[in-house]
Amino acid sequence: MARFGMVIDTKKCVGCMDCVVACKTENNVPEGFCRDWIATDSKGTFPNIQMQIRTERCNHCDSPPCVSCCPCGASHVHDLGGVVLVHHDKCSGCKACIAACPYDARFINPDGYADKCTFCIHRVEEGLNPACVSVCPTRCMYFGDLDDPNSEVSRLLNSRKNKALVPEAGTKPQIFYID
Amino acid sequence: MNSLSRRKFLKITGATAGLVVAGSTLGGLVKKSNAYIDKKYENGKGVKKIPTFCDLCFWKCGSIAYVKNGELWKIEGNPEDPLSRGRLCPRGTGGPGAFRDPDRLKSPLIRKTERGQEQWVEVTWDEALSYIADKMNRIKTSFGPESMAYFVHGIGGNFIKHMMKAYGTPNISAPSFAQCRGPRDIGFRLTFGEDVGSPERMDIQNAKCLVLIGSHLGENMHNTQVQEFAEMNGAGGSIIVVDPRFSVAAGKAKYYLPIKPGTDIALLLAWMKVIVDENLFDKDYVDKYGFGFEQFKAEIQQYTPEWAYTETGIEPELIRTSAREMAKHKPATLIHSGRHTTWYGDDTQRSRAIALLNALMGSWGRKGGYYYPASMSVPNYPYPPYPKPEKGKVDNPGNTIYPFATEGHDTITNGVREATITGKPYPIKGWITYGTNLLYAMPNQDETLKAIQNLDLLVVVDVVPTELAGWADVVLPESVYLERFDDINVEFFKEPFVALRQPVMDSPNEQKPNWWIAKKLADKLGLGHYFPWNDIEEYIKYRMTAAGLSYDELKKKGIIKGAKQPIFFNEGINPEFPTPSGKIEFYSLQLAGLGHDPVPKFKKHKEPPPGFFRLIFGRSPVHTFSKTQNNKLLTEMQDENELWLNINIAKRLGVKSGDYVKLKNQDGVVSNKIKVKATERIRQDCVYMTHGFGHTSKKLRQAFLKGASDSQMITQYTVDPLMGGTGMNVNFVTLEL
């Protein structure tokens, strides 16, 4: 079985937010919300500054606390690629998942259910990349099957130093950053 | 869908989902998802894909608009297009927000009270155009056709430009020259004999070393450039950034030079001295193609890195190291020409210094440097000849005031404005503007308003009610780019191609495309014979057929590419330099002959008085000029600008990130409130904001009074004596807490 994940090259990312806009139009994300976003970390004092810019979203964790804490069975791991999804019609909007997520990746859609990145599973099923990956002008995002040793994402992880965000939360995130 | 909530909709459609097995590159294990995947977002049935090109900025990226069940869904890059390479920037992706903007101009308007009071009567197109034609005829009779001026931004303005030439005026102007890239184009022309053009003829992709001087690629989303920048950086290319602010690009740089604003020429001269002294330049190239190198060499001897340190604040060793880094990668060392280059009034000379540094690297005409753009031969439509104006351009009589803003270039906007105020050398009585909000594009808003008071006619053609529209006599609502044909784009680029803009949706109200407006107005002016075609498709078909190309193919694909052409010297380009000497002019006799510096010299600029900061401004990746701040998709990304303030200064002043302050400039002008970003990422002697915010047009409900307007603060400007450009980084502000 496939295990979908992403590798993001922060050397290339300029934080332009195209991924955010594209996710909004692709998925009709309601006004005032977004399923992905840009984070900027900088340290040092002027002019000796180190800076990392990266695009973030749901990490589609292998041990997703949002799934284990969900009282309604709405949050679940999809049978394709381990993608974490929400059954909108089962979701009561109790926000337990929002509290459980170490990445602050979820929000309550105005229609009442927990909403977040789906890895654009509807596109992936069509053989396409997620919208954010396919629009990125810097081509800093790679999406693919982490279980396939020949996939681009696996090759990147094997050849370059990488790290996931908040690994100490123990949720086994599936998005990796290289720089 | 309006009356049906999304949640309900999902329940209804859920019953039929999960049945279809999709063929896909991910293999047979892929099955359709269950009900929680909204069917609305699937590809396939009901989705129309229409190729066109973008208008969120001037880059003209090839796009594919997706229309689902008659509704505009999304816009992606056209993979066939060499500019977008299949990927748009966030503004292009946010194009649907321009289409859906509820505040768009909807019908033609005629002013009914005093100018600027924004009291309007909605009129028909026939009434609006008759009104304009009547005024234009009166201006022609009383003052001559030269007394009408046209201000334009973008390819959409081509047909009104044609109409204005047919009417008989030479005064066709664009802020893109004197408020933006003019100095750069003249500086390069004085050196290599040719402009840098737009899109800039830079092979960033193959550069091994890229030098950015104030250019903030990544925040400035000139699409192809940003893509190539990420590519060369990802491939391990060396980046050198010179900027008073630690930009996004600075974060990617091997060397960051935190320059004191206004001292770039000092740095450039010192760099060149190091490179010449240490024999690091491309000697064969300079010997073969250079003119006046020995005089140039003698002239720059005085500019040691130690001297430059006192002006720029950059350590001499960093100047030397970064110069050597450039030389290491020559000729694939590309010193970016910049684009918005109207900073201090000596900008043509700074651009010339940049051109000369490129010449030392031998990058002009070489891979990883400046290429020779390729284009397709597409004949123009055979119009009758234009009447020859009796009077020359109003901005620069006899080309005597600004000797290098010559006929081949756009008229100087500020020259037209000045003539409108003074009536000299002759009066300007009418303006038509297209796609440019002059109150935000030009420095000193008071002068623009003063000029407007002298007009008998101000016509504003735009898609949204800009501040300038508020002062108009007649406002003409144009269709947004997704609803119209424009002139075809016969691009000058790495590879030749022609591109089509075509309608994706119908205009929702009375909006009309510019070609229709121009043709109808020409009819009213008795100039109908200049528009012999019935509609624009007939015009485009004519040009395509004359070029031996298929219009049907263009409609279907959006882009037709021509055969690959040589673009570098080693591919067969003849190294020709159309300068007076026929060579790259290290020493410029034409500058010397007119009493200007034949080799650029550093001149000190006025520094901020105690307690003041120099105001510098730049671009946001999600906005274009002052055009997009009412586009909700984009304002969700950024709905106001921030004031970048050095964190130590902020502490001293007792402000912190998130606080709102007002700015007061040296002339006592006070801004709207702006949110502070207290940061390590900027020098202590300047503050920075992105351009285009702080709108005061109440009709732009999304943008109204969000952030502060740099344009409002720019009351002072220094005019470039070579070409009339307005240096605008010469304003100083204090903070009002």
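Report yes if some residue within region B:74-89 is over 21 Å from residue A:17 (Cβ atoms), surrounded by fewer than 24 Cβ atoms within 10 Å (Cβ to Cβ) and away from chain A (no Cβ under 13 Å); otherwise report no.
So far as region B:74-89 goes, yes, one or more of its residues are over 21 Å from residue A:17 (Cβ atoms), surrounded by fewer than 24 Cβ atoms within 10 Å (Cβ to Cβ) and away from chain A (no Cβ under 13 Å).
Rundown of residues vs (1) in contact (Cβ under 8 Å) with a residue 12 or more places away in the chain; (2) open to solvent by less than 30 Å² (accessible area, probe 1.4 Å), yes/no style:
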site	(1), (2)
B:532	yes, no
B:548	no, no
B:571	no, no
B:575	yes, no
B:584	yes, yes
B:599	yes, yes
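Read through the list (1) within 9 Å of chain B (Cβ to nearest Cβ); (2) open to solvent by less than 10 Å² (accessible area, probe 1.4 Å); (3) more than 18 Å from residue B:94 (Cα to Cα), then give the number of the only condition that residue A:21 fails.
(3)
So is residue B:218 on the phi > 0 side of the Ramachandran plot, surrounded by fewer than 24 Cβ atoms within 10 Å (Cβ to Cβ) and within 12 Å of another protein chain (Cβ to nearest Cβ) or not?
Criteria not met by residue B:218.
Select, from B:273, B:252, B:330, B:297, the only residue that is among the basic types (Lys, Arg), within 12 Å of chain A (Cβ to nearest Cβ) and touching a helix residue (DSSP H, G or I) at 6+ places or on another chain (Cβ under 9 Å).
Just a single option satisfies the conditions, and that option is B:252.
A quick yes/no check of all residues on (1) assigned by TED's automatic domain parsing to the domain that holds residue B:357; (2) part of a helix (DSSP H, G or I); (3) of a type outside the set (Lys, Arg):
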| position | (1), (2), (3) |
| --- | --- |
| B:556 | no, yes, no |
| B:566 | no, no, yes |
| B:570 | no, yes, yes |
| B:574 | no, no, yes |
| B:577 | no, no, yes |
| B:580 | no, no, yes |
| B:592 | no, yes, yes |
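Could you tell me how many of the residues in region B:356-380 are surrounded by fewer than 16 Cβ atoms within 10 Å (Cβ to Cβ) and among the aromatic types (Phe, Trp, Tyr)?
0
Tally the residues that are over 20 Å from residue A:11 (Cα atoms), surrounded by fewer than 24 Cβ atoms within 10 Å (Cβ to Cβ), within 10 Å of chain B (Cβ to nearest Cβ) and touching a residue at least 24 places away in the same chain (Cβ under 8 Å), restricting the search to region A:125-147.
2
How many residues are open to solvent by 10 Å² or more (accessible area, probe 1.4 Å) and out of contact with any helix residue (DSSP H, G or I) (no Cβ under 8 Å at 6 or more places or on another chain) if we restrict to region B:159-175?
Selection size over region B:159-175: 2.
Which condition does residue B:239 not pass, out of (1) away from chain A (no Cβ under 13 Å); (2) surrounded by fewer than 24 Cβ atoms within 10 Å (Cβ to Cβ), if it passes all the others?
(1)
If residue B:601 passes every condition in (1) closer than 20 Å to residue B:727 by Cα; (2) of a type in the set (Lys, Arg); (3) not in a loop (DSSP other than H, G, I, E, B) but one, which one does it miss?
(3)
Quick one: residue B:634 ticks every box in (1) surrounded by fewer than 22 Cβ atoms within 10 Å (Cβ to Cβ); (2) within 13 Å of chain A (Cβ to nearest Cβ); (3) in a helix (DSSP H, G or I) except a single one, so which number is it?
(1)
Filter region A:98-121 for residues that are open to solvent by 10 Å² or more (accessible area, probe 1.4 Å) and part of a helix (DSSP H, G or I); which is nearest to the other protein chains (Cβ to nearest Cβ)?
Per the criteria, the residue is A:98.
What do you reckon, is residue B:651 surrounded by fewer than 18 Cβ atoms within 10 Å (Cβ to Cβ), in contact with a strand residue (DSSP E or B) (Cβ under 9 Å, 6 or more places away or on another chain) and in a strand (DSSP E or B)?
It is false that residue B:651 is surrounded by fewer than 18 Cβ atoms within 10 Å (Cβ to Cβ), in contact with a strand residue (DSSP E or B) (Cβ under 9 Å, 6 or more places away or on another chain) and in a strand (DSSP E or B).
Answer with yes or no whether residue B:138 is touching a residue at least 24 places away in the same chain (Cβ under 8 Å), over 20 Å from residue B:435 (Cα atoms) and open to solvent by 40 Å² or more (accessible area, probe 1.4 Å).
Considered against the rule, which asks whether it is touching a residue at least 24 places away in the same chain (Cβ under 8 Å), over 20 Å from residue B:435 (Cα atoms) and open to solvent by 40 Å² or more (accessible area, probe 1.4 Å), residue B:138 comes out as yes.
Can you pull out every residue in region A:34-64 that is part of a loop (DSSP other than H, G, I, E, B), in contact with a Cys (Cβ under 8 Å, 6 or more places away or on another chain) and within 12 Å of chain B (Cβ to nearest Cβ)?
Once the filter is applied, which keeps residues that are part of a loop (DSSP other than H, G, I, E, B), in contact with a Cys (Cβ under 8 Å, 6 or more places away or on another chain) and within 12 Å of chain B (Cβ to nearest Cβ), region A:34-64 yields only A:34.
Where the second residue is open to solvent by 10 Å² or more (accessible area, probe 1.4 Å) and among the charged types (D, E, K, R) and the first is farther than 18 Å from residue B:354 by Cβ and part of a loop (DSSP other than H, G, I, E, B) and lies in region B:232-251, which pairs have Cβ atoms under 8 Å and are six or more apart or on separate chains?
If the second residue must be open to solvent by 10 Å² or more (accessible area, probe 1.4 Å) and among the charged types (D, E, K, R), the pairs left are B:237/B:208; B:246/B:680; B:246/B:681; B:248/B:219.
So which residues in region B:668-725 are open to solvent by 50 Å² or more (accessible area, probe 1.4 Å) and within 21 Å of residue B:116 (Cβ to Cβ), if there are any at all?
Scanning region B:668-725 gives B:670, B:696, B:698, B:699, B:701, B:704, B:705, B:712.
The values are calculated or read from the model by the stated rules, or taken from the named source; none is laboratory data. For clarity, every value in this text was computed on a predicted model and none was experimentally measured. We place every Cβ from the backbone using ideal geometry, glycine too, and count neighbours over all the protein chains shown. Ligands, DNA and RNA are stripped out before the accessible areas are found, and what is left, the full protein with its side chains, is counted by its heavy atoms. Shrake-Rupley method; radii C 1.70, N 1.55, O 1.52, S 1.80 Å.
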